[in-house]
Amino acid sequence: MRLFAIFGDPVAHSRSPLMHNHVFRSLGHDACYTRVHLKDGARLKETFFKLGLSGANVTVPHKEAAFQACDEIRGFAKKVGVVNTLIEEDSKLIGYNTDADGFMFAIEPFGVIKSVLVIGAGGTAKALASRFKEDGIETTVLNRSAKRLEYFKEKSFQTYTWESMPERTFDLIVNTTSAGLESDDLPAPEPLLRTLLGECHFAADAIYGKVTPFLRLSSELGLAYKDGSDMLLGQGVLANELFTQQNYSREAIKGPMQQSFEF
Ligand code: NDP
């Protein structure tokens, strides 16, 4: 039996084991998926091989460490330096990123989006902002602190901290920070968010399974919004396709994976 896992800190909240195990069982694929609470991202590769894994997903805060740990990076992950899916191939660690395509799938119902404000400057923000830019969407990045904005500046994104953010209009505002995941924090000061959301049509949060303070505020201000469930589904289908070595169609994977959201 092939073994898969998700690495993260925290990781107890992750629905990935349920999603992937349900797909494996439904498709009759001989594999099992578990979770690993990893504190030190530098130990990712060593732990992966020690556990004899065939593949893994990586979540907060290790996606950039995962990029560093890989022997080879394929596809979109190369562009963003962020890896959320690992595959063992001939004793080598191969890295992919399935988050950005998963998110594009999630926001399809919002229709044409021309401008986006990404809140946060971590791994998820890098993947999404790069993907938006690829699609010709005007993308601005807002982060609590300046250090992580350097990456975006170098890539010619407009970047702001809480203090420097001007009043601007966006079609969509996305929270990619972990504010609201375990705390009751907003991803930016409330007055600033009220101003920005007040001029916006759609809001999305990468966090799933709960109405975060950010989504609560968006709802109060009358915006259409989505939590991270569809993004989770999208990235999960693409990761499972890699785990099962493209033996099944995306549609065949998507059915049982979507079903697992009802458990
Ligand atoms: P990272 O650790 O790489 O980045 C975290 C970012 O959040 C940083 O920019 C940090 O700012 C900011 N941040 C953290 N806490 C706060 C706070 N209290 N207030 C304001 N900003 C804060 O995380 P990831 O990009 O890997 O993941 C972010 C979130 O996205 C997680 O909640 C994760 O669960 C979710 N996610 C969901 C997916 C899905 O499928 N639905 C897929 C991928 C991620 P600073 O630089 O100042 O420290």
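The values are calculated or read from the model by the stated rules, or taken from the named source; none is laboratory data. All of these numbers come straight from a predicted model, not from anything done at the bench. When we count neighbours, we look across all protein chains shown, and the Cβ atoms used for this are built from the backbone with ideal geometry, even at glycine. Areas reflect the complete protein model, heavy atoms only, side chains present, ligands, DNA and RNA absent. Shrake-Rupley method; radii C 1.70, N 1.55, O 1.52, S 1.80 Å.
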Projected onto their principal axes, the Cα atoms of the range 101-227 stretch, largest extent first, over whole-Å spans of 35, 31, 27
Shape of the chain from its Cα gyration tensor (a ≥ b ≥ c, root eigenvalues): rounded if a/c is under 1.5, otherwise prolate when a/b > b/c, or oblate? prolate
In Å², and per residue, what accessible area does the chain have when probed at 1.4 Å with the other protein chains present? 45 Å²
A 1.4 Å probe over the protein heavy atoms gives the range 163-263 a carbon and sulfur accessible-area percentage of 46 percent
Provide the per-residue ³J(HN,Hα) series for the range 40-48, in order, calculated from phi with Karplus coefficients 6.51, -1.76, 1.60 and θ = phi - 60°, each as a whole number of Hz, with x at glycine and proline positions. 9, x, 5, 9, 4, 5, 4, 5, 3
Expressed in angstrom and rounded, the centroid-to-centroid distance over alpha carbons for the range 1-47 and the range 218-254 is 16 Å
Compare the Cα positions of H37, S54, A100 along the charge dipole of the chain (+1 at Cβ of Lys, Arg; -1 at Cβ of Asp, Glu; about the Cα centre) and return the one farthest towards the positive end. S54
Could you give the size of the charge dipole of the range 101-227 about its Cα centre, using +1 on the Cβ of each K and R and -1 on the Cβ of each D and E, expressed in debye and rounded to the nearest 20? 260 debye
With Cβ to Cβ distances under 10 Å as the rule, what net charge do the other residues near I173 carry (K, R +1; D, E -1)? -3
With θ taken as phi - 60° and the coefficients 6.51, -1.76 and 1.60, list the Karplus ³J(HN,Hα) couplings across the range 95-110 in order, rounded to whole Hz; mark glycine and proline as x. x, 9, 10, 10, 5, 5, 5, x, 6, 4, 4, 5, 9, 3, x, 6
For the range 33-111, count all C-alpha to C-alpha pairs, find those more than 15 Å apart, and express that count as a whole percent of the total. 55 percent
The set of residues whose placed amide H lies less than 5 Å from the amide H of V141, leaving out same-chain residues fewer than 5 positions away, is V118, Q158, T159, Y160
Sort 108-117, 204-213, 140-149 by the packing proxy (mean of other Cβ within 10 Å over each peptide's residues), most packed first. 204-213, 140-149, 108-117
Using the reciprocal of the averaged 1/r over all distinct C-alpha pairs, how large is the Kirkwood radius of the range 107-154 in Å? 11.2 Å
Just tell me which lysines come within less than 16 Å, Cα to Cα, of K92; anything on the same chain fewer than 8 places away is out. K45, K50
Cα long-axis angle, helix 229-243 against the chain (0 to 90 degrees, to the nearest 10): 30 degrees
Quick one, what does Rg over Rh come out to for the range 143-189 if you take C-alpha atoms and the Kirkwood Rh? 0.97
Tell me, what is the percent relative contact order of the range 101-227, built from C-alpha pairs under 8 Å that lie six or more residues apart? 22 percent
Cut-off under 21 Å on the C-alpha distance; same-chain residues fewer than 8 positions from K254 excluded. Which lysines are left, in chain and number order? K226
For the chain, size of Cβ-based charge dipole, Lys and Arg +1, Asp and Glu -1, in debye: 380 debye
Report, to the nearest 10°, how far helix 123-134 tilts away from the longest principal axis of the Cα atoms in the chain, using its own Cα long axis and a range of 0 to 90°. 70 degrees
Carbon and sulfur atoms: what percent of the 1.4 Å accessible area of the range 4-161 do they account for? 48 percent
